[in-house]
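See below for the structure under consideration.
The values are calculated or read from the model by the stated rules, or taken from the named source; none is laboratory data. All of these numbers come straight from a predicted model, not from anything done at the bench. Quick reminder, even Gly has a Cβ in these numbers, built from the backbone with ideal geometry, and neighbours come from all protein chains shown. With ligands, DNA and RNA removed, areas are computed over all heavy atoms of the protein, side chains included. Shrake-Rupley method; radii C 1.70, N 1.55, O 1.52, S 1.80 Å.
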Amino acid sequence: MLKSLYIEGNTPFHRLSVRVKLITLAAASVVLFFVSSLAVLVPIFIACLCLYMTLGLPWREAFSRIGWIAFAVLVLALATWFFNGLHEALVVTFRIMVLVFFAAAITATTTISAFMDEITVMLQPLERLGLVRAADVGLALGLVLRFVPEILDRYDNIREAHRARGLPIRPLTLFVPLIILTLKDADTIAMAIDARGFRRQ
């Protein structure tokens, strides 16, 4: 099984408050979409890339974590270039990749329990209004962060099993067993959560 997304370290970003990280990410998500100047976006992108690469991750692992997202951004950029021109494609690419690298840096420097605790605290005002159940949202986020690496690892195992048996690697033969196994795990986890009374409210 893959190790956790969290990477132990003592960098300044590791020591930064979880709340500050999340608020900064939320603010950047809003502010950056009002910025269309490459002279502003490119330096911010470089800063976020450098931040991400100085957290103690090996280069291969660092880029494998964002590989699928980067591929999706590339497809989006090519479509934007075709319909709206090169400048707009570059703007969209740098906007999204800034957020991708910053979010990846947050997940690499924050434990799952810290995420869950902070999200639960931050959602308390909405819970008082009856809009959400803060503990449930925190638990859901924790489960996502916990099992994303395992799902990716399982995907690699299924692909390697196909290669070992000489079977052609097709999306259908990869994703169907992956989805089935993931749903089975989800049922098991749901039963474990209910058995322990985490959702008794």
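Of note:
- Using only side-chain charges placed at the Cβ, +1 for Lys and Arg and -1 for Asp and Glu, the dipole size of the chain relative to its Cα centre rounds to 160 debye.
- Dipole-positive endmost among Pro58, Thr93, Leu172 within the chain (Cβ charges, Cα centre): Leu172
- Cα-Cα pairs of the chain separated by more than 27 Å (percent): 45
- The trypsin sites (Lys or Arg not before Pro) found in segment 126-197 that occupy coil by DSSP, while having at most 12 further C-beta atoms within 10 Å, are Arg165, Arg196.
- Dipole of segment 1-133, positive end: most advanced residue of Leu129, Phe83, Ala28 [Cβ charges, Cα centre]: Leu129
- 5 angstrom amide H check on Thr110, placed H, neighbours 5+ away: Ile7
- Scanning residues 5 or more positions from Gly56 or on other chains, none has an amide H under 5 Å from its amide H, with H placed 1.01 Å from N in the peptide plane.
- Residue of Ala134, Ala164, Ala104 that the Gaussian network model of the chain assigns the largest fluctuation, springs spanning Cα pairs under 10 Å: Ala164
- GNM flexibility winner over the chain from Thr111, Thr188, Thr11 (Cα, springs under 10 Å): Thr188
- Over segment 97-201, equivalent-ellipsoid semi-axes from the Cα gyration tensor in Å: 33, 19, 11
- Å² per residue, accessible surface of the chain at 1.4 Å: 62
- 15 Å tail of the calculated P(r), segment 76-118, as % of Cα pairs: 55
- Here the accessible area of the chain is 70 percent carbon and sulfur, with a 1.4 angstrom probe and all protein chains present.
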